[in-house]
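The values are calculated or read from the model by the stated rules, or taken from the named source; none is laboratory data. Just so it is clear, the structure is predicted and the values come from calculations on it, not from any experiment. Positions of Cβ are backbone-derived with ideal geometry, glycine not excepted, and every protein chain shown enters the neighbour counts. Each accessible area value is taken on the protein alone, full model and side chains, heavy atoms only, with ligands, DNA and RNA left out. Shrake-Rupley method; radii C 1.70, N 1.55, O 1.52, S 1.80 Å.
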Amino acid sequence: MDYSEAKKLVKARLSEKRWTHTKNVKKMAIIAISIALFVVLDRYCSFTLDNLKITFNILPVLILAFIYGPIEALIAGLLGSFVGQMLSYGFSVTTVLWIIPAGFRGLIVGLFFKKGDLIDNKIKLFLVLILSGLAVTIINTLVMYIDSKIFHYFSYAYLFGSMLYRIIASIVTSIIYFLILPIIIKPLKMIAKK
């Protein structure tokens, strides 16, 4: 290998490293924006009635799951939930429990997406969104139970009185996600890949 070939090789490798670095910075920025959107949607675009909360805060996490995959969605869900918890309730012994559901949903949707393009497979997309929404409702109920036992406010009426409404809200929001995600994802995927 002569000098000019070595120089071209070094230049190509440096260019590749810059490209990888730029992609990582862009990915981190998109994750940070998703976390911020999660918090804004959670605080200002949600409806809460006792222990029933209807919110679209998980939308940025779902978008990340489809664009980048499970790890990025898990991170955004956990951190978005954590910031939301800190702003609303501060830190407590159950804070870690309350951040699990959002991270779990991002992880599950991201894992299923990695196995195939769910955006184009409407039945699988519908099932994954509905089932992950119901799983999050169950996890939230478990977290409510633990929280109520730790802080001594447990009652069956509190825990299960609104369960049917929470399940219905989960299904309805999942249907809304099913309708809007395919419209949002395709253009965002093109932007994220650039």
Take the residues in the range 48-87 that are in contact with a helix residue (DSSP H, G or I) (Cβ under 6 Å, 6 or more places away or on another chain) and aromatic (Phe, Trp, Tyr), then tell me which one is farthest from THR173 (Cα to Cα).
PHE82
Counted residues in the range 88-134 being of a type in the set (Val, Ile, Thr), closer than 23 Å to ARG43 by Cβ and in contact (Cβ under 8 Å) with a residue 12 or more places away in the chain come to 6
Options THR55, THR94: the member that is open to solvent by less than 60 Å² (accessible area, probe 1.4 Å), in contact with an Asp or Glu (Cβ under 9 Å, 6 or more places away or on another chain), modelled with pLDDT of 90 or more and within 21 Å of ILE180 (Cα to Cα)
THR55
For LEU125, are the conditions met, namely being modelled with pLDDT under 95 and under 16 Å from ILE171 (Cα atoms)?
yes
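Name the single residue that is farthest from THR141 (Cα to Cα) among those in the range 177-190 being touching a helix residue (DSSP H, G or I) at 6+ places or on another chain (Cβ under 9 Å) and not basic (Lys, Arg).
First, pick out the residues of the range 177-190 that are touching a helix residue (DSSP H, G or I) at 6+ places or on another chain (Cβ under 9 Å): 177-178, 180-182, 184-185, 188-189.
Remaining after also requiring not basic (Lys, Arg): 177-178, 180-182, 184-185, 188.
Values: TYR177: 22, PHE178: 24, ILE180: 27, LEU181: 26, PRO182: 29, ILE184: 30, ILE185: 30, LEU188: 33 Å.
Ranking the candidates gives LEU188 first.
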For SER155, are the conditions met, namely being farther than 24 Å from VAL39 by Cβ, of a type in the set (S, T, N, Q), over 18 Å from the mean Cα position of the chain (by Cα) and at pLDDT below 95?
yes
ILE175 - would you say it is modelled with pLDDT of 95 or more, surrounded by fewer than 15 Cβ atoms within 10 Å (Cβ to Cβ), in a helix (DSSP H, G or I) and out of contact with any strand residue (DSSP E or B) (no Cβ under 8 Å at 6 or more places or on another chain)?
yes
Just name the residue that is surrounded by the most Cβ atoms within 10 Å (Cβ to Cβ) out of those in the range 101-117 that are among the aliphatic types (A, V, I, L, M) and closer than 16 Å to LEU59 by Cα.
VAL109
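Keeping to the range 58-73, report how many residues are part of a helix (DSSP H, G or I) and buried (at least 23 other Cβ atoms within 10 Å of the Cβ).
Here is the first cut: in the range 58-73, the residues part of a helix (DSSP H, G or I) are 59-67, 70-73.
Remaining after also requiring buried (at least 23 other Cβ atoms within 10 Å of the Cβ): 60-66, 73.
Going through the range 58-73 one residue at a time, the tally reaches 8.
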Restricting attention to the range 159-167, does a residue exist that is over 21 Å from ILE99 (Cα atoms), open to solvent by 60 Å² or more (accessible area, probe 1.4 Å) and part of a loop (DSSP other than H, G, I, E, B)?
no
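Which members of the range 120-129 meet the condition of being open to solvent by 20 Å² or more (accessible area, probe 1.4 Å) and assigned to a helix (DSSP H, G or I)? Break it down stepwise before answering.
Keep residues of the range 120-129 that are open to solvent by 20 Å² or more (accessible area, probe 1.4 Å), which gives 120-124, 126-127.
LYS122, ILE123, LYS124, PHE126, LEU127, listed by residue number.
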Taking GLY84 as the residue in question, decide whether it is under 30 Å from TYR156 (Cβ atoms) and either of a type in the set (A, V, I, L, M, F, W, C) or in a helix (DSSP H, G or I) (or both).
yes
Can you tell me which of (1) exposed (fewer than 14 other Cβ atoms within 10 Å of the Cβ); (2) without any contact (Cβ under 8 Å) to a residue 24 or more places away in the chain; (3) assigned to a helix (DSSP H, G or I) is the one TYR153 doesn't meet?
(3)
